[in-house]
Every structure is written in structure tokens, then in C-alpha cells.
2 protein chains.
Amino acid sequence: MSFFRKKIYACAGFYTISLGTGRKEFHPKKPRPGIEHYIKEAGLGTIEQIENPENIGEGVIGNFVAERFCRQGNLGGFFPMVHPTFQYKPCTRVEGACDSGGLALVASVKTILADLADVTLCMGVEVQNSVKAIYGADYLAAAGWFSGERKNGHAYFFPDQFSQRAGACFDKFGYDNMRPGMAQWYVNAIDNARKNPKAQEYHNKNADLFATGMTKANPKAFCEYINVFDCSKVSDGAAALIFTSEEGLEKIGVEKKDAVEVVAYAQVQDNLTTPPPDLTKLSTCEVAARRVYERAGIEAKDLSVLEVHDCFTVAGLLAIEAAGFAGYGEGAAFVKDGNTKRDGSIPTNTSGGLIGYGHPTGATGVRQAIDVVHQLSGKAGDYQIEIDPSRPYGMLSSMGGNDKTVVAMILKKTE
Amino acid sequence: MSFFRKKIYACAGFYTISLGTGRKEFHPKKPRPGIEHYIKEAGLGTIEQIENPENIGEGVIGNFVAERFCRQGNLGGFFPMVHPTFQYKPCTRVEGACDSGGLALVASVKTILADLADVTLCMGVEVQNSVKAIYGADYLAAAGWFSGERKNGHAYFFPDQFSQRAGACFDKFGYDNMRPGMAQWYVNAIDNARKNPKAQEYHNKNADLFATGMTKANPKAFCEYINVFDCSKVSDGAAALIFTSEEGLEKIGVEKKDAVEVVAYAQVQDNLTTPPPDLTKLSTCEVAARRVYERAGIEAKDLSVLEVHDCFTVAGLLAIEAAGFAGYGEGAAFVKDGNTKRDGSIPTNTSGGLIGYGHPTGATGVRQAIDVVHQLSGKAGDYQIEIDPSRPYGMLSSMGGNDKTVVAMILKKTE
């Protein structure tokens, strides 16, 4: 039995450049586009790939914290700006910290399952370069519990949270095992980004990435157990993807081979007021992966491509374990051995991930889905991998906060 | 033909006291409960009215701008705090400025229509007394376009927006027509609130409400065309309501007579980057009302009870016109004549509305739905009106920003 009451497809994905340090176009003192510009650019980039956009019945915008970075809420109000036929149609902004984009995917699918629209436009956006990184870190800390854990928290709250996870892993699994795995994660991220013209690290020319990835933590300047290369970037960007029913696909003139089937998702919410049960595990991501595999009726070995939420290198390693590709404590060695490279046993974050492409937080879940769609439909350009016909599935796992809000979604190549 | 693909019911609504100036419990210098407390109180108040809460499959939280008032995002993370069986279930926060609660209603209904849950818990929350009113006004201005209209905007941005609407109405329909209508709106709001123990104006003892409502504007201290009594309050509060399918109703042990049927909704999004087409009209609210009547197959005259978004008295008058109860420019006289009183032709905002009950922004749309449910199922206590069996419908219209984001929903008394 299918998880969904009817067939759902995803197609026509588009994401913007991830703008921020590292991109040639970026200069901290120069004026940059506003959040509405990004929404419009991503929306139009998607619409250009379809016919009859008037069939788009509804919009969703995933965004984490524009109220602070851009002093802007009521974000659905930018939907009618994207296309004249969107005027007076519904649009909902959803928020779940860095998983806001993941929640947007779910909301877009639901509207179709509810028979309220045949075609929905799923968008995600974040603009973060509007303030200095230290203020941005405070804004992003809204993903943690203000009245609880944040009271005595680090100025760089989330880097510190994942630094503590790295420290716990060093203790349990050994620094000499973990650190090279983290460094290799960084190497893969940049290597993939160099194939993706929209990636923030596209222009990265560093000749010895592994040495950079191995940089020792400097607790006085940053965090106790991680270095700045372990962190995803501060980014401005947006992503948009179309979801449709079978009828919707016809209405917008997209052939099935250019679309990808959405097979199942799992949205899992952990309690924000309780500490993580185990710093050496992404327990909520694990629950989400287990549930989505079960709903899709597949196993990890059926995936040809994977997108995980590597806000930090250590999160990438733990996410690989949570997704069922490496045993507990074995993620670092699995990655160090090359399994997650584009030509590895499970190509992961093939367009650069959060560390290589960038992390415009509210856009990230949508961007992940687009990359899975692009890989499964052969549209991934220079970073295209080969899809083994016996493993026609791809998965994304999008995470908000410290493993608190998770969406995992499985997509399948069409026949 | 029904608008929905299957029957949807609402039941077991609960909202907290609207805490703020006017309430005896309120003192600006005394510590007050945090946002998570309100979510929990409203959620538990709802759950206590049902059996087997483990059947609640999903949560939604409507909230406008906790990132600023409470420095808190990732709000879905408070859902598992409400009840132990909610751990690892999905919860999505939705935002559409002051219509965030309206969007929560829609999202809760969709999940059931999508066959993803039989029972959903719809919540809305806002805590606004954490800062001085002038800062709060700036936070709430996030509902307007930051890079556009807000650049040279008033410090009290939204009061000024609706003051300008009042001024335009004074010009077009006459001050001596409009002002008494606005004053009467205030009178009704307080009069209804005095019957609602949870209302912020419950303790209001003013003997000449009409004279107070007629207070002249003082542009030097506040706005050009409105006085402070024309404004909804600064409030802390939350609301929660359960939506179910037919099967869901049985699972949670609620009899049909204690529930209300959700017949249709309309969610309408206007472009945030364009000015309102006519200051003397709520054009988007009008589109929403027209659509929802058509979808429900009814007319305004079939409603026994109405909830409109009276963030300001003038908005109340214009909302009555938008809902089809008074012609263009005739709202003030319609209200002045007593038509919207509890014993009038269309009892409106019977629990006090945003001016009488209070306006914890993200909770408001949910609170409105609860009051319609309570009236139609005979649970409105001291402010209960009589429901004419030939008019078994109630409607709520929830608005975000300056007539930008609107949800209208029609509910029906069960037989």
C-alpha cells in the first residue's frame, strides 16, 4: 500500500546562487538583493520550466527568521509578486528553524493530497548577510529554547552545540577516528561545490582541502572542539520546486520522465525543552529515517543518492549513521573511506551540501529536494551521478535546531 | 457538491485569559508566563475535553513574531511538551502576520483531508507584553513591507495604517457618520467582553462607553484620525481547537452534537508590495468572503454568528461590509443601529473581539474559530446567543497585515 492516497510528483526545481563569503559577487559593504528578490528569482526560475503557470494553485514559503535578519514577516505576501496569476491565491509561510524548507515540502504535498490544488509552488528563502555573523548567530539561536538552554549558552550558540557533540564523539570514538572523518566531509563538500556553479564554495581554489579540514579547534577565538571549516556558511538564497498530482503534471506540460515521484515523508518533532538524549547520535533524524523507509517500503541500500543536513561536519557524519548507512560510531570511517563521494557507495550532498553549496537556512530543505530531483531525473549537470536502475530512490533529511525538527522524504525516479 | 473531499469537524476549543493592561492579574513589572506556558495551557485545556488524546496525530502552531517578542523560533518544538504521546509526532508553525491563527486553522484541516491524521491539534499563540508598546509596534510592523511602505512609516505603523483608512472614510462617508459607528463598535466590544471572564476588558467598569469611544484623535500623542480606544489590545494568550474527521470524532469520544462541521474556507493572499487598492474597503477580506460563501453554497443571511478581525474599530466596520452585511459606506450606520450586538441581526464578535477579548496576534484566528464553535454548539456561557435553526452557520474572517493575508471559514451546527 502506498503511503499517500494518490500519486505526487516533484519537478522543475530551481535555486539561486548561495550568496556570501567565498562568492566572487559578494562584498560585505556592497548593497545586496532583498528577501523578496530571492523569492521572485527562485519562483520565476521554476515557472520558466513549465507551461501554464496559472495552474499553480497555492504557494508555500519556508523561512526561519526573516523577522530578525530582514525585519520582515507576513512572507506569503511576496507570493503574488512572483507571477500575476498568483494574486489572491493562498500562500502559507512555515517555520521550523533550519528545517523550515523541509516543512515547506510537506505543506506543499499536503495541499495536493487534500484535493485543494493540483499544482503547488514550494519555496524556501533566507537572507542572513544583513548583519554581522555574531548577531546572526544570536538570531539563529532562536532554534533553541530561549528560557532554558540558551540562558547560559555560548555567543555562537549552535556552533557550540555541535562542538559539544564533536567533543562527546572524540571522547567516545577517538579524536584520531573522528577528526579525519570530519576533514574528509569538508573535502567532499568543497569538491562537489566546485562542480556546482551556484555553490558558495564554487570559486574555492584551496589545493590541500584535507589539511584545512584538519585545522585544530581554537577555543579562544571560536569553539572548543570544531574549527570554522566544520561549519556551514552564512548565506543568502532561495529555492523553489513544483509539486503536482498526476493531473497537475499534464496541466503544466511536464513529461513524467522529467519529474520524480514523491514516495513518502516523515516529519518528526522532538521536545525543545529537553536536552538531546545522546550527544553522539542524531536520535530524531534516526526516527525520521526509520519511519520514512518503512512508509516507502524500502531500505537504505535502495537509495542511489542522499542529501543530509550538514550544518556542521560532525552533523554530516552522525546523519550518515542516522540514515542507516554506517553503524553507531562508524560514520567517520565510512566517510573517510570515500563512501559518500560522488563515486562512492552512497553519493551524498552531491551539489556541495550546507558546507559547500551554502546554508540559506529556510531554503535548505527545498534545495536538498531539488538536488535529489535533479539527480534522479538526470539534470544535475557537472555533478550528475549515475543512477543504478536497481536503486531508483533518493532521500533527503532536513534538520531544524539541535536534532529537534526533522523531515525526511524519499523520491523515486519515474519509469 | 461539498468543498471538502470528506467531512471535517471542530470541537473541544479552549483559550486562555488574554493577559495585558485591563486585566487585574496584569502588572507590567511582575514576571509573566513564557510562550511555552501558553501553548501548554491551551493545549491541555483542549485535551481535557476529549478521550484518548493519543489519537491526535499532528499539531499546528500559528504565531506571528515570537522571534522578536520572545527571541524564540522553532515553535513546533513545544508541541511534545503538551502531552507525552505527542513526542516525535509532526508539528508545523505557520505565520501570516495577524492571520497566523487563520493559517493554522487551514493547515490543521488539510492534514485530515490529506488522510495523514484523523485528529489534529490547532494552536495559536502570542506573547507581546515582553517589551514596551512602541517596540512592540515596530515588531508587529513586520506584517508590512519593510523595503517599501515602512521606510517612511509612522512609529506606530499599523495604527497609522488604519488611521489613514479612517481618515479616508471620514472624507468619503463623513466624520459624523463614521465616528459614532466606530464608537458603537467599541461599546459592543466592551459590553461583550464583560460577559467573557477570559476577556482582557472583562473588568472594565467604564459607565459611559460611548462617550469614551467618541474620544477625539490626538495626532500629537498618537495617530491622526483614531484614538487609543479604537485599537485592539497588546495581549499575551493562546488558543487551541481540535479538528477531526468523522472517524476521528469517534476515536476521541466526542459526540457529534458537541462538534461543529467545517463547511469551507477561503485563504486569500494579496501582494505585500502593492498599496491597498482602496483605503475605504477591505478588498481582500471581500474576496475571501465571496469565495467562502460560494464554496459553502450559502449567503450572508444564512449566518447566525460572525467573527471579524477588529484590530481597529474602523477595520470592524469595513469587515462587516466585506462580509456582505452592509453596503459600501453603510457599515458605520449598520453598527450604530445595533445590528452587530448580541441581540442584533448578525451577532458579531460575541466574546469581545480583538478590542474586547484582546489580540494575542497568532492566537486570534484560532480564538475566533473557537467562539464560533462555542456559539453553534451552545457552549458560549454568559455570551451565548440563540442560534436560529434556519441559519445554522457561523463564519470567521481573520486578517493579516493591512488586508493582505485573509482566511475566512464557515462552520455549521451539527444536527
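The values are calculated or read from the model by the stated rules, or taken from the named source; none is laboratory data. This is a predicted model, so every value here is computed, not measured. Here the Cβ is made from the backbone with ideal geometry for all residues, glycine too, and neighbour counts use every protein chain on show. Just so you know, the surface numbers come from the protein's heavy atoms only, side chains and all, with ligands and any DNA or RNA stripped out. Shrake-Rupley method; radii C 1.70, N 1.55, O 1.52, S 1.80 Å.
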Quiz prompt | Tabulated pairs, the stretch A:294-307, first assigned to a helix (DSSP H, G or I), second of a type in the set (Lys, Arg), C-beta under 6 angstrom, 6+ apart or interchain | solution = A:302/A:391
Quiz item: If you go through the stretch B:124-132 one residue at a time, do you hit one that is closer than 30 Å to residue A:292 by Cβ and in contact (Cβ under 8 Å) with a residue 24 or more places away in the chain?
Solution: yes
Quiz item: Hey, among B:198, B:220, B:205, which residue is outside any helix (DSSP H, G or I) and either within 18 Å of residue B:133 (Cα to Cα) or modelled with pLDDT under 95 (or both)?
Solution: B:220
Self-check item: Of all residues in the stretch B:363-405 being under 18 Å from residue B:289 (Cα atoms) and aliphatic (A, V, I, L, M), the one that is nearest to the other protein chains (Cβ to nearest Cβ)
Solution: B:399
Self-check item: Residue under evaluation residue A:115, criteria (1) of a type in the set (Asp, Glu); (2) away from every other protein chain (no Cβ under 11 Å); (3) over 18 Å from the mean Cα position of the chain (by Cα), criterion not met
Solution: (2)
Quiz item: Out of curiosity, is residue B:26 closer than 22 Å to residue B:412 by Cα, part of a loop (DSSP other than H, G, I, E, B) and under 24 Å from the mean Cα position of the chain (by Cα)?
Solution: no
Quiz item: Of the residues that make up the stretch B:281-291, is at least one among the basic types (Lys, Arg), within 14 Å of chain A (Cβ to nearest Cβ) and farther than 30 Å from residue B:216 by Cα?
Solution: yes
Quiz item: Do the conditions hold for residue B:70, that is, is it open to solvent by 10 Å² or more (accessible area, probe 1.4 Å), at the interface with chain A (Cβ under 9 Å from one of its Cβ atoms) and under 16 Å from the mean Cα position of the chain (by Cα)?
Solution: no
Practice problem: Considering each of A:49, A:87 in turn, give the residue that is more than 7 Å from chain B (Cβ to nearest Cβ) and polar (S, T, N, Q). | Solution: A:49
Quiz item: Within the bounds of the stretch A:78-86, is there any residue that is of a type in the set (Val, Ile, Thr), open to solvent by 10 Å² or more (accessible area, probe 1.4 Å), at pLDDT 95 or above and farther than 19 Å from residue A:65 by Cα?
Solution: yes
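Yes or no, residue by residue, for (1) under 30 Å from residue B:182 (Cα atoms); (2) assigned by TED's automatic domain parsing to the domain that holds residue B:94; (3) touching a residue at least 12 places away in the same chain (Cβ under 8 Å); (4) polar (S, T, N, Q):
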position: B:244; (1), (2), (3), (4): no, yes, yes, yes
position: B:247; (1), (2), (3), (4): no, yes, yes, no
position: B:251; (1), (2), (3), (4): no, yes, yes, no
position: B:254; (1), (2), (3), (4): no, yes, yes, no
position: B:270; (1), (2), (3), (4): yes, no, yes, no
Exercise. Would you check if there is a residue in the stretch A:372-384 being surrounded by 24 or more Cβ atoms within 10 Å (Cβ to Cβ), within 23 Å of residue A:64 (Cβ to Cβ) and not aliphatic (A, V, I, L, M)?
Key: no
Quiz item: Counting only residues that are open to solvent by less than 10 Å² (accessible area, probe 1.4 Å) and among the hydrophobic types (A, V, I, L, M, F, W, C), which one in the stretch A:138-149 is farthest from the other protein chains (Cβ to nearest Cβ)?
Solution: A:141
Quiz item: Given the residues B:69, B:146, B:86, B:158, which is the only one that is closer than 23 Å to residue B:8 by Cβ and of a type in the set (Phe, Trp, Tyr)?
Solution: B:86
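Here are A:363, A:369, A:408: which of them is touching an Asp or Glu at 6+ places or on another chain (Cβ under 6 Å), in contact (Cβ under 8 Å) with a residue 12 or more places away in the chain and crowded, with 24+ Cβ neighbours inside 10 Å?
Checking each option against the conditions leaves just A:363.
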Exercise. Filter the stretch A:16-46 down to the residues that are within 12 Å of residue A:236 (Cβ to Cβ) and among the hydroxyl-bearing types (Ser, Thr, Tyr), then identify the one that is farthest from the other protein chains (Cβ to nearest Cβ).
Key: A:21
Quiz item: Any idea which residue in the stretch A:196-228 is surrounded by the fewest Cβ atoms within 10 Å (Cβ to Cβ), counting only those that are in contact (Cβ under 8 Å) with a residue 60 or more places away in the chain and among the aromatic types (Phe, Trp, Tyr)?
Solution: A:222
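To keep it simple, each residue is scored yes or no on (1) open to solvent by less than 10 Å² (accessible area, probe 1.4 Å); (2) part of a helix (DSSP H, G or I).
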site	(1), (2)
B:44	no, yes
B:49	no, no
B:54	no, yes
B:59	yes, no
B:64	yes, no
B:88	no, no
B:106	yes, yes
B:110	no, yes
Quiz prompt | Given (1) assigned to a helix (DSSP H, G or I); (2) open to solvent by less than 10 Å² (accessible area, probe 1.4 Å), index of the condition residue B:94 fails | solution = (1)
Quiz item: Can we say residue A:78 is aromatic (Phe, Trp, Tyr), without any contact (Cβ under 8 Å) to a residue 40 or more places away in the chain and not in a strand (DSSP E or B)?
Solution: no
